[in-house]
Amino acid sequence: MAKLEMRMSAVAVALALSGMASTAAGGGFGIATQSGSGTGNAFAGGAAVADDASVAWSNPAAMTALPSGKQVTISGHILLPSFKFTNTGSTGAFAAPGTGEGGDGGGLHVVPNMFYTMDINPQLRFGFAVNVPFGLATEYDSGWRGRLTGIESEIKTVNLNPSLAYKVNDVFSIGGGVSLQKIEAKLSAFTGSAALGDLTLDADDIGFGINVGVLGQVTPRTRVGFTYRSTISYDLEGSATYSGPSGGLFNAQVRADLKVPDSASWSVLTIVDPKWEVMADLTYTGWSSVKRLDVIRTTATAGPSPAGGAAGSPLTSLQFNWKDTWRVGVGANYKLDDQTKLRFGLAFDPTPTNDIDRTPRLPDEDRTWVAFGVQYKPSKQGTLEVGYVHEFIKDAKINAGTANPAAGRLIGTFENKADILSVQYSHRF
C-alpha cells in the first residue's frame, strides 16, 4: 500500500506541473524570454518599450508607437539550464544511492516566437503573437536517488494571441487581446516496484485568457506602460500508465482543475540624450492562487483502495503553498551609430517555491539576470538582434517525500544556473 501511495503522489506532481503557467527561464517555470530585443535588456521596461512587433505580446497598446505599416518579427532562443543535485542526508528509500545523484537535470532547448503587426487605420492597429510562454524540461538518470519523486518532466505550450490597439490621442493608447493556449505534458517517476515499473503521465488541455494594456507618452522623451494578463483555467485530462509487467492493472484516466495566476507589469522608458535611453519595470505574479491540487479518476481502476477506485473518486491531493512574486528589472541602451545599438540589463526574479514543498521536477530558486545584446540594422527595413543572459540562480534546498512518510525523504541541494542566447530578425513593409 505504501508503494501505491508513492506512485499516486507522482501522478499529482505530474498533473500539477502540466497546469501551472505564468507570465524555462524565469521564476516558477514561465519562459520570460519572448523577444530577442528584450533579452539584451533582461526584459526591463517591457510594457513601455516599442522596438518591434513583439509588443503584440508584451503590451498591445504599444503597437501604436511602432512606425506605420506592417512588421514581422521572428526570434529563436537557446535555453541551457543546469540542475545538479547533491545529497546531504536523504533517508529511507532515498538513502540508497542507486545509479548516482541524477546527473544534470537540465539540457539544451530551443524556443521560437513570431509576431506580426499592421495598421487598420491611423488610430487602430492589429497584432498577432505565436509564442511559447511557459515550459519545463528536466530529466534525471532513471536509477537516480530521487527517482520516486521524478525522472522526466516535459511541458510544452503554444500560445496564439490576436490583439488590437487604439490611439486615443497623442498621449494615450489602449490595447487588448485574447490568448488561446495549449499545454502538453509528459512526466514520469519510478513507482518503487519492479512489477509496476515507471509511471508516465501524458496530459493536455486548452485554456483561454485575456490581456490588456495602456501606454502613455507622458513627455516627448518618457513613455510609461502597464499590461495585465488574466488567470487561465485548465481542466487537465490525461492517462496514467505503468511500464512494468503488472502495471496495466492500475492504468487509469485522470483529471484535475487548476486556475493559474494572473500577472501585471508597470514599465517606464526614458530617452536621456541622443545616445542613451534607460528603462525599468516591476512585474507582479499572483502565485499564491496555487495552493492545492486535487486529482480525480475519470475511469475506474482495478484493485482495492488506495490503488483502485471508481470513476469520480479522488486519487490524491498535493500541497504547493506558492507565494506571490515581484520581479524588478533595469536596463539601458547606447546608440553606437545609426546602425548599431548596445543593450544592457539587470533583473531580480524571485521564485514562488519554498524549501518545504519544492520538488526536483522544478528545483527553482531566486534568479539574478545579467544581460547584454546588440541591435544592428542592415537596411532601412530590417533589424537584427542578438542577446545573451546569464542567470545566477540561488542553490535550491530539497526536502521532498511521497504520500507515505515511512518511505523517507530526499534531502539535498540543487546547484543551478542558466544561460540564454537569443537571435531575432524584424522586417518592416
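Given 392, 194, 372, which one lies farthest toward the positive end of the charge dipole of the range 2-428, if we put +1 on the Cβ of every Lys and Arg and -1 on the Cβ of every Asp and Glu?
Selected residue: 372.
Using +1 at the Cβ of each Lys and Arg and -1 at the Cβ of each Asp and Glu in the chain, identify which of 290, 83, 267 lies farthest towards the dipole's positive end.
Looking along the dipole axis, the top candidate is 267.
Less than 15 Å Cβ to Cβ from residue 329, Lys/Arg counted +1 and Asp/Glu -1: what total charge do the surrounding residues give?
Numbers: positive: 327, 343, 367; negative: 277, 281, 349, 366, 391.
Charge balance in the 15 Å sphere: -2.
About the Cα centre of the chain, what is the dipole size in debye to 20, counting +1 per Lys and Arg Cβ and -1 per Asp and Glu Cβ, all else neutral?
On the way: 35 positive and 38 negative charges, 86 e Å.
In debye, rounded to 20, the chain gives about 420.
If I stretch the segment between residue 397 and residue 417 completely, what's the gain in nm (0.36 nm per residue apart, minus their alpha carbon distance), one decimal?
Result for the pair: 5.8 nm of gain on full extension.
Assuming R0 = 45 Å, can you tell me the calculated FRET efficiency for the pair residue 319 and residue 342, based on Cβ-Cβ distance, to the nearest 0.05? If you can, show how the numbers build up before the last one.
Details: r = 46 Å, r/R0 = 1.03.
E between residue 319 and residue 342, to the nearest 0.05, is 0.45.
So for the pair residue 298, residue 390, with labels modelled 7 Å out along Cα→Cβ, what separation do we get in nm?
Computed distance between label sites residue 298 and residue 390 equals 4.6 nm.
Binning at 10 Å from 0, report for the chain what percent of all alpha-carbon pair distances ends up in each bin.
Spelled out bin by bin, the chain gives 5, 22, 30, 21, 13, 7, 2, 0 percent.
Assuming R0 = 41 Å, what is the FRET efficiency of residue 381 and residue 86, from their Cβ-Cβ distance, to the nearest 0.05? It would help to have the intermediate numbers written out before the result.
Details: r = 52 Å, r/R0 = 1.26.
Once rounded, the FRET efficiency stands at 0.20.
Got a sec? Charge dipole of the range 2-428, +1 on Cβ for Lys and Arg, -1 for Asp and Glu; which of 102, 161, 226 is way out at the positive end?
The residue sitting farthest along the positive end of the dipole is 226.
Work out the P(r) tail for the range 110-196: percent of alpha carbon pairs separated by more than 16 Å, whole number.
67 percent
What distance in nm separates the two pseudo spin-label positions at residue 208 and residue 160, each 7 Å out from Cα along the beta-carbon direction?
1.3 nm
Could you calculate the contour length gain from residue 168 to residue 427, that is, 0.36 nm times the residue separation minus the distance between their Cα atoms, to one decimal place in nm? All intermediate terms of the calculation are to be shown ahead of the outcome.
Working: separation 259, 0.36 × 259 = 93.24 nm, distance 2.65 nm.
Contour length minus the Cα-Cα distance gives 90.6 nm.
Length gain on complete extension for the stretch residue 276 to residue 246, per 0.36 nm per residue less the alpha carbon to alpha carbon distance? Spell out each step's value before the answer.
On the way: separation 30, 0.36 × 30 = 10.80 nm, distance 6.65 nm.
Stretched out fully, the residue 276 to residue 246 stretch lengthens by 4.2 nm.
Since every read-out is calculated from the coordinates, none of them should be taken as a lab result. Computed from a predicted model, the values in this text were never measured in an experiment. Cβ sites come from the backbone with ideal geometry, for glycine too, and all protein chains shown count toward neighbours.
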